[in-house]
Structure formats: C-alpha cells, structure tokens
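Novice: First, the structure itself, so that you have it in front of you.
The values are calculated or read from the model by the stated rules, or taken from the named source; none is laboratory data. Everything quoted here is computed from the prediction, not taken from an experiment. Please note: Cβ atoms are built from the backbone with ideal geometry, for glycine as well, and neighbour counts cover all protein chains shown. These area figures cover heavy atoms from the full protein model, side chains too; ligands, DNA and RNA do not enter into them. Shrake-Rupley method; radii C 1.70, N 1.55, O 1.52, S 1.80 Å.
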Amino acid sequence: MATTADCAIVSKFSFSTTAAAITATSPDCCTWSFVACTNGRVTGLALENGKVQGPIPSDIGLLSGLSVLSAVNNALTGDIPNLAGLTSLEYLNLANNQLSGAFPSSILKLPKLSEIHLYTNQLTGSIPSDMDQLAGTLLEFNVGNNRLTGTLPGTIGKLAKLTIFHADNNGMTGPIPATFNQLSQLKELWLYQNKLTELPDLSRLSNLQSLLVYENTLSGRIPSLPSPSANCTISSTSAAEANKFECYAGTTSTGLCYKSISALSVCSSPAPVTPPVDPNADSFTTTDTIILIVMIVLSMLAGYGVSVCFRRRKERFQERRRNRAAAKEAARVAAAASTAAPAMSTVPTTAAAAPLVVRVPPPAYTNASPALAPVTTTTTTTTMVSDRDLAAFADMPVMVVAVKDDDAPNAPATAPSPARPAGALVAGQRAVSMDSLLLAPSAERQSPATLVGADVNVGEVGRGDQGTAADQELLLPSTIGSRT
C-alpha cells in the first residue's frame with residue numbers, strides 16, 4: 001500500500017473517463033494499473049495515450065521516489081512545474097501535449113536523469129546554458145517541434161554520454177557550436193528547420209547514424225563531414241530550403257551526406273584555420289550581456305554621484321570663503337566710517353610671523369616744562385596705533401617699549417621727577433585708546449632717566465587679564481596699519 005501523501009498527489013491529475021474508472025476501484029493508488037510502487041512509495045507513472053488532461057499537479061515534485069514519469073500523447077496544458085524534488089527520476093517523457101512556458105531548468109538538477117523527451121509541445125525561451133549539469137547521466141535529449149529560440153549552448157559538447165540530440169523545427173539561431181564535434185557517442189543529430197547559420201566540422205562523430213540540418217540558413221563551405229550509416233540530409237529541394245553552400249571540403253563525394261549536395265564540387269582552396277574551441281568555456285549568454293550592461297550603468301552612476309558630492313563640497317567651501325571675506329570687508333568699512341582717524345598705509349592682508357613692538361621715544365624735557373609730555377610722532381622710530389586698527393585687532397596683546405638712549409640721543413641724562421599728567425597710564429593699566437598712551441613712571445621709579453630702555457607694560461587691549469613678562473613675545477602682528 002502506498003503512502004497516503006503519494007496517492008494524494010497522484011489523485012490530483014485530471015483523469016479521463018477510462019482512467020477514472022480505474023482509480024475508483026480502490027483508494028490505494030498502488031493498485032491502479034498505471035501506477036508502480038516499491039515499498040509503499042510511488043516509483044512509476046505510465047499515464048500515456050489519453051489518460052490525463054489539464055495541468056500537471058504543482059506538488060508532483062514531492063514524489064521523491066518516482067523514477068519514471070511518462071505522460072506522452074495526452075492533453076496536458078500549462079507550464080511544467082518545478083521538478084527539482086524528483087531526485088530519483090531517470091526517465092521523463094511529456095511529449096505530444098500542449099504544455100507551454102519556458103524550458104523547465106529545474107530538471108537539470110536531477111542527478112539520475114538520463115532521458116528528456118519534451119517534443120511537440122508549445123515550449124518557449126531557450127535551451128539553458130548550463131546543460132553540462134547532466135554531463136554524467138544524460139543519454140537522450142529531444143525538444144523538437146516547439147517554439148524555442150536563441151542559440152545552441154556550447155556546453156552541450158560536455159555531454160559525453162549523449163547519443164540523441166533533437167532540436168528540430170524550432171527558431172534556433174546562430175552557428176552550430178563546434179563543441180558538438182566532441183560528442184563521440186552521438187548517433188542522431190537533428191537540427192533541421194531552424195535558422196542556424198554555420199555548420200562546423202563534425203568529422204569526429206564516428207558513431208553518427210543520422211544527420212539532418214536542412215532548411216536552415218547555413219552558408220559558406222561545407223566542412224569535413226562524417227559518414228552516417230542511416231540518413232544524412234544537409235540540403236533539400238524544398239522551396240523552404242535556405243541553405244546556400246559554396247563547396248565541400250575533402251577529395252571525395254561519397255557517402256550519404258553528399259547525395260543532397262551533388263551539384264557542389266570540392267573546394268579549390270583550403271578552408272581558413274579557425275582557433276580550437278574550448279569545450280570547458282562557458283558561452284556568453286544574453287543574461288551575461290544584461291549583467292555587464294547593468295554593471296557599467298551602476299559604475300557610471302556611482303562616478304557621477306562622487307563627482308556631484310565633490311562639486312557640492314567645493315561650492316560650500318567657496319561660499320564660506322566668500323562669506324568670510326564679505327564679513328571682513330563689512331567690518332573694515334564700518335570701522336572706517338566710525339572714526340575720522342588719519343589715513344592709514346595699505347598693508348598686505350597676510351599676517352607675517354614677526355610681531356610689532358610699539359616703540360615710544362623718551363619725552364623731550366625742558367626746565368620750563370618738567371611734566372611728562374604725551375607720546376608724539378615726531379621721530380621715525382615711533383609706531384602709533386589708531387583706534388581703527390585697534391578694532392581690527394581687539395583681541396591682540398599690546399606691549400609698549402621705551403626707546404633706548406641710542407634711539408633718542410637728545411634725551412637728558414637726568415631730570416627732576418615730574419608729576420604724572422592726567423590720562424597717563426601706569427604699568428599694568430589697561431589701554432582703551434592707543435592714541436591716549438602716555439609714558440609715565442611708576443611710583444617706584446624716581447627719574448625719567450631710569451625709564452630709558454625700560455619696558456612699560458600697559459596690559460592687553462580688549463582683554464581683562466594683565467600683561468606679564470611673557471607678553472613681550474605676544475605683540476600685534478606687523479601687518480597692522482601704522483602712521484608716522
């Protein structure tokens with residue numbers, strides 16, 4: 001008795017009246033005359049000659065014990081379902097039905113399959129390029145009288161055990177692969193009524209019994225031909241014949257293949273040498289072409305995306321530079337408008353490394369005016385800083401350094417201690433206006449002479465912290481405007 005699951009799948013076929021009467025005799029499918037079972041598993045289905053119709057059950061692939069599936073000469077319709085689960089299948093015959101859809105590539109994964117017969121259906125598409133998956137088992141392959149298109153894959157040449165190959169009466173195009181000459185066990189090669197363009201050297205097919213390639217679009221030279229023992233037709237007298245050969249190779253015209261080309265003669269010059277075809281090389285299919293095109297397009301899009309990214313970053317960088325330049329120009333114009341300071345000399349915008357020391361000459365002392373005079377610009381060694389320049393460098397430290405004796409030779413050696421004038425700055429006091437800087441002694445200093453060559457620290461402009469001795473190295477950049 002077969003398993004319930006196997007019989008449930010077989011029962012899904014749409015049986016004819018005669019077959020249905022048989023199935024009605026028992027729920028056990030192993031008792032039906034067209035079902036074979038072993039150890040409770042369905043191993044064979046002989047559904048030939050009008051027993052079934054309609055679609056093939058979609059779960060037929062679950063019959064893992066099935067080794068023979070024959071449903072030839074019926075009215076089966078629809079696509080061939082996935083058969084990858086029929087791991088024990090050796091014989092498949094679904095010929096002379098009304099099956100449609102693409103060639104079932106799932107059958108190429110069946111490890112024991114030796115015969116495939118799908119002729120006289122309505123199958124479309126092309127023969128799969130990975131036919132070599134059946135290289136160790138396939139003996140017969142027949143897909144004649146369908147609607148297949150595309151080229152014959154070169155991997156067929158790897159089917160070392162193949163004895164029959166029929167793909168006649170389809171729409172196959174391109175050359176017959178030269179790898180067919182590797183099929184040393186081949187007995188029948190039927191490729192007639194297609195649109196094939198080139199006939200290769202088939203002289204190594206020593207076991208060939210039948211070669212039919214008529215009614216194609218073959219042309220050029222006829223290469224070395226085998227000697228089939230039963231039938232050979234490479235050209236016919238039919239009005240549909242489109243083969244147009246020039247001559248045939250060799251020195252003899254004996255044999256079955258030459259009867260259909262008796263009007264031709266031996267080629268006067270040797271045929272051009274063509275490089276040998278590697279039977280292990282995979283053919284370049286339409287799918288490979290599509291994948292290559294997609295990769296190229298994706299690469300171009302990626303390159304475009306990178307270029308757009310860099311261009312936008314560059315634009316943002318340039319925009320920031322323009323904004324900074326505009327802000328600096330606006331600050332300069334605003335500062336110029338807010339004060340009537342004397343004209344400043346034009347200074348380069350790039351700051352130099354050397355700082356600017358504000359050098360103050362000793363005041364000119366007289367007996368009539370003992371008080372300390374304000375800083376003036378009467379000597380060329382004096383560098384003064386205006387309020388406008390101060391605004392541009394508000395965070396920079398300022399250091400005032402008194403001029404030594406050799407810078408002001410007319411300064412008196414001694415003088416009475418003057419009173420500090422109003423507005424004079426003492427060491428450590430913060431300067432607000434650089435034009436108001438006055439040189440004045442601190443409480444500890446008794447004579448102006450002691451200030452000659454001394455440093456008077458007036459703190460940092462624009463900051464609250466007081467200057468230190470280290471501030472002597474942190475002075476205004478030399479690019480600040482100056483007046484003399």
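Novice: I56's amide H: which non-local residues (gap 5+, or another chain) put their own amide H closer than 5 Å, with H modeled 1.01 Å from N in plane and none for Pro or chain starts?
Specialist: T77
Novice: Each residue of the range 235-244 in turn: what ³J(HN,Hα) in whole Hz from Karplus with 6.51, -1.76, 1.60 and θ = phi - 60°, glycine and Pro shown as x?
Specialist: 7, 10, 9, 5, 5, 7, 5, 10, 5, 9
Novice: Give the cross-link partners of K109 among the lysines, using a straight C-alpha distance below 19 Å as the criterion and excluding same-chain residues fewer than 8 apart.
Specialist: Result set, ordered by chain and number: K158, K161.
Novice: How do K12, K259 stack up against each other in accessible area, from largest to smallest, with a 1.4 angstrom probe?
Specialist: If we order K12, K259 from most to least accessible, we get K259, K12.
Novice: Here's another thing I want to ask about it. What's the ranking of 215-226, 317-328 by average number of surrounding C-beta atoms within 10 Å, highest first? Before the final figure, lay out the partial values.
Specialist: Values: 215-226: 19.2, 317-328: 10.2.
Going by the mean number of other Cβ atoms within 10 Å, highest first, we get 215-226, 317-328.
Novice: 5 Å is the cut-off here: which amide hydrogens, built 1.01 Å from N in the peptide plane, fall below it relative to T233, excluding neighbours closer than 5 in sequence?
Specialist: L211, L212, V213
Novice: For E140, E90, give the ranking by accessible area with the largest first, probe 1.4 Å. Intermediate results must be reported in sequence, preceding the final value.
Specialist: Details: E140 45, E90 90 Å².
Of E140, E90, the descending order of accessible area is E90, E140.
Novice: Would you work out what percent of the accessible area of the range 76-185, with all protein chains in place, is carbon or sulfur (probe 1.4 Å)? Could you put the intermediate results ahead of the total?
Specialist: Values: 1660 of 3630 Å².
Carbon and sulfur: 46 percent of the exposed surface of the range 76-185.
Novice: I need the peptides 97-105, 142-150 ranked by packing, meaning the mean over residues of other C-beta atoms within 10 angstrom, with the highest value on top.
Specialist: Highest mean packing first, the order is 142-150, 97-105.
Novice: Roll a 1.4 Å probe over the protein heavy atoms and report the accessible area of W32 in Å², nearest 10.
Specialist: 10 Å²
Novice: Normalising by the residue count of the range 198-256, find the relative contact order in percent from Cα pairs under 8 Å and 6+ residues apart.
Specialist: Dividing the mean separation by the residue count of the range 198-256 yields 39 percent.
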